[in-house]
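Worksheet: the structure to be examined is printed underneath.
The values are calculated or read from the model by the stated rules, or taken from the named source; none is laboratory data. Worth saying up front: this structure is predicted, and the values here are computed from it rather than measured. Cβ: placed from backbone, ideal geometry, glycine included. Neighbour counts: every protein chain shown.
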Amino acid sequence: MNEKFRFIVSAFLLGTLGMPFNAHAEKNPFEQYEKFLEPEDKVIITEKEEKITYSRNSSGVSASLETKTKYMNRYYGEDSDFQIYYNEEDTKLKNIKETKATHTLSSNLDNDEIFFDGLNVCKGRTDLREIGDKASFQYELEFNNAIHLARIVFAEKEFIGKHTISIEVPAWLDLDIKEFNFNGKVNKDVNKSDKKTIYTFTMENVKPLKDEKFAEPALYVFPSIIFVYRSATLSNGNKLTLFNTAQDQYDWYNSLMKQTVENNDFLCSETKKIVAKCKNDYEKIATLYQWVQKNIRYIAFENGIAGFKPQLASKVLDDKYGDCKGMANLLRNMLRCEGIDGRMVWLGTSDLPYNYSTPSLAVDNHAICAAIIGKDTIFLDATCEYAAMKEYPKSIAGRPVMLENGEDCILTKVPDNRPHDNLDSTYVSMKVTNNGLEGIYKNIQRGEDKIKFLYHFDDDYTDILASLRSSSFKGLPAEEEQVKITGTSSSDKEVVVEYPFTMSAPITQSNGKYYISMDFTHRFMSLDIETANRKTNLYLRYRAVDAFTSELTIPDGYKVSYLPANLTIDKKRYKFEVKYKQKGGKITYTRSVTLKDHTIPTKELDEWNKDIEKLKSAYMEMVTLQK
């Protein structure tokens, strides 16, 4: 090496290595968040600020929500996308400011190829490249009626370093701020003066919305704030009652319903054709319910005032599509055409943790219909295509509802489901042959399991064998004609699948012995839950019973040399039971899993896992037959 060049390189290295490392190393911009982040947190929100203010005039109260979100890139070339939904009839999006971010606005208002939709969406995306790159997006939503700003949540799909919500409540507004799931995670500061009270809520290091295995709905987990607007003194000095009570909330709903009154002559004539062969009111209810389920396409779109004003029944009939409230209004009016007491019903589905002790639009996100005959109230959710009359899907079962009752309202509940209302029951009769085990397989599904099954198939049940093979049905024959399926109408209480089967997997022959597994479904095997980092309760969605019975004919010349032990685990929220019984030349195996509750709290998950392991061990047991 050239001596002059060697000297320059040596001097450079000595000088560089001799300097403190921190003088050259850039400070880690994520240092304060590192212990809270996961590898999949590619873009984070360093700060989110939301400010709510209120204004008044002589007719009402409006609200403004200003939001500013700051993003930072954790990996090279990653971006974050987000959506802001608003309805031009109720809200306006304005004052958008963005740095290293872009947005587009879209609406279906003028798109005749889709359908009329009052929902607008602002689709935004960050434009980040280098690690540590920063972006920001801010906007204002203006609500022409403050009651439409009903809820705010401490959660995003990204990690949030600091989330601040500031609410300025003027002295002329009577507003209750209801806190949900705070659990000591949110700091609250109140600054009160003669003219206004400022509430500031701060939450730091907010974990993102992530899917845990069988996780509870987000609003049961993340902190949220519900706004209860009691009353306001307007600019002209008049006092305006808003949602001081549930009755006030109903009055608002009822005022929207009155705007849907129309001449129903055509609707009634069409209704008469549909129920022409019905012999009584119950048959009429079931027939009209099934007709709307099958003939009106459900599309969950925002239309009408804050998504609460129904479409005219005649329009839903003409269009052959509608959202929940439109379909409910159609069915309500059809029932009334036949002299049946049809009523509108508002409710929050099982995704919402609220009830009517908190009068707010945040409490409700769904609408159904009710038919009343004497003392019998029958709830009808036409958006659930395969639910029979008096069969309530998990989304509405047991939920508190607001029932239309003229100028008053009735607060009541949809009947809840018992475990046996959601039944998946299988019966197998089998014998040993040269091909393995052969026999008859019969599966019965009711309630939620029936609804799920029917949703899985097309109405014409094309390619049903392929569909069945992709699910939990075992030993299906090659010919579709051998598979018998009954109960495929929404009016049927159960669907039954029956077919002859041949299987080799559950039986092994060795040294003159047969080893036979009496249960080849092994249900709930995968329901053990990792608990070390678990944040949410185990949410099984609905109460249910899963039962399996198999009957084995003992081959001639063989006897039972080993019959596994029985297992019974009976806990507050579930029951596992496995039983073997030999009588004469047959062995009967019964296994049942009863979910008494749809939620297992995190503190009980270790016990749940141990019991699942016992159930797994029971599944591994085999009957032994020998000569």
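Overview of results
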read-out	value
Selection count where residues are touching a Ser or Thr at 6+ places or on another chain (Cβ under 9 Å) and either buried (at least 16 other Cβ atoms within 10 Å of the Cβ) or part of a strand (DSSP E or B) (or both), scope region 86-104	6
Complete set of residues in region 292-301 that are buried (at least 20 other Cβ atoms within 10 Å of the Cβ) and in a helix (DSSP H, G or I)	292, 293
Where residue 175 falls short, out of the listed (1) buried (at least 17 other Cβ atoms within 10 Å of the Cβ); (2) modelled with pLDDT under 95; (3) in contact with a Phe, Trp or Tyr (Cβ under 8 Å, 6 or more places away or on another chain)	(2)
Selection count, region 366-407, where residues are farther than 20 Å from residue 340 by Cβ and among the charged types (D, E, K, R)	4
Any chance residue 562 is among the aromatic types (Phe, Trp, Tyr), surrounded by fewer than 16 Cβ atoms within 10 Å (Cβ to Cβ) and in contact (Cβ under 8 Å) with a residue 12 or more places away in the chain	yes
Whichever residue in region 311-368 is assigned to a loop (DSSP other than H, G, I, E, B), over 23 Å from the mean Cα position of the chain (by Cα) and modelled with pLDDT under 95 and, among such residues, is surrounded by the most Cβ atoms within 10 Å (Cβ to Cβ)	311
Enumeration of residues in region 371-426 that are free of Cβ contacts under 8 Å to residues at least 40 places away in the same chain and among the basic types (Lys, Arg)	375, 390, 413
So residue 392, is it under 17 Å from the mean Cα position of the chain (by Cα) and either more than 30 Å from residue 230 (Cβ to Cβ) or crowded, with 23+ Cβ neighbours inside 10 Å (or both)	yes
Where a residue in region 444-464 is part of a loop (DSSP other than H, G, I, E, B) and its partner, wherever it lies, is modelled with pLDDT of 90 or more and of a type outside the set (A, V, I, L, M, F, W, C), with Cβ under 7 Å and at least six apart	447/391; 447/417; 447/421; 447/422
Check on residue 78, assigned by TED's automatic domain parsing to the domain that holds residue 206, closer than 25 Å to residue 173 by Cα and not in a strand (DSSP E or B)	no
Selected residue [part of a loop (DSSP other than H, G, I, E, B), closer than 30 Å to residue 231 by Cα and out of contact with any helix residue (DSSP H, G or I) (no Cβ under 6 Å at 6 or more places or on another chain)] from 59, 64, 55	59
Residues (farther than 13 Å from residue 174 by Cα and among the hydrophobic types (A, V, I, L, M, F, W, C)) located in region 227-268	246, 252, 256, 257, 261, 266, 267, 268
Top-ranked residue in region 494-524 [being surrounded by fewer than 13 Cβ atoms within 10 Å (Cβ to Cβ) and under 29 Å from residue 480 (Cβ atoms); ranked as nearest to the chain's Cα centre (by Cα)]	505
Options 542, 589; residue that is assigned by TED's automatic domain parsing to the domain that holds residue 474, at negative phi and in a loop (DSSP other than H, G, I, E, B)	542
Residues that are among the aliphatic types (A, V, I, L, M), farther than 18 Å from residue 425 by Cβ and at pLDDT below 80, drawn from region 464-479	464, 465, 466, 478
Identity of the residue in region 257-279, part of a helix (DSSP H, G or I) and touching a helix residue (DSSP H, G or I) at 6+ places or on another chain (Cβ under 6 Å), that ends up surrounded by the fewest Cβ atoms within 10 Å (Cβ to Cβ)	268
Residue within region 25-39 that is outside the structural domain of residue 137 (by TED's automatic domain parsing), of a type in the set (Lys, Arg) and not in a helix (DSSP H, G or I) present	yes
Residue 190 vs. criteria at pLDDT 95 or above and exposed (fewer than 15 other Cβ atoms within 10 Å of the Cβ)	yes
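For every residue, the table says whether it meets (1) aliphatic (A, V, I, L, M); (2) exposed (fewer than 15 other Cβ atoms within 10 Å of the Cβ).
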site: 402; (1), (2): yes, no
site: 414; (1), (2): yes, no
site: 420; (1), (2): no, yes
site: 430; (1), (2): yes, no
site: 441; (1), (2): no, no
site: 444; (1), (2): yes, no
site: 448; (1), (2): no, no
site: 456; (1), (2): no, yes
site: 464; (1), (2): yes, no
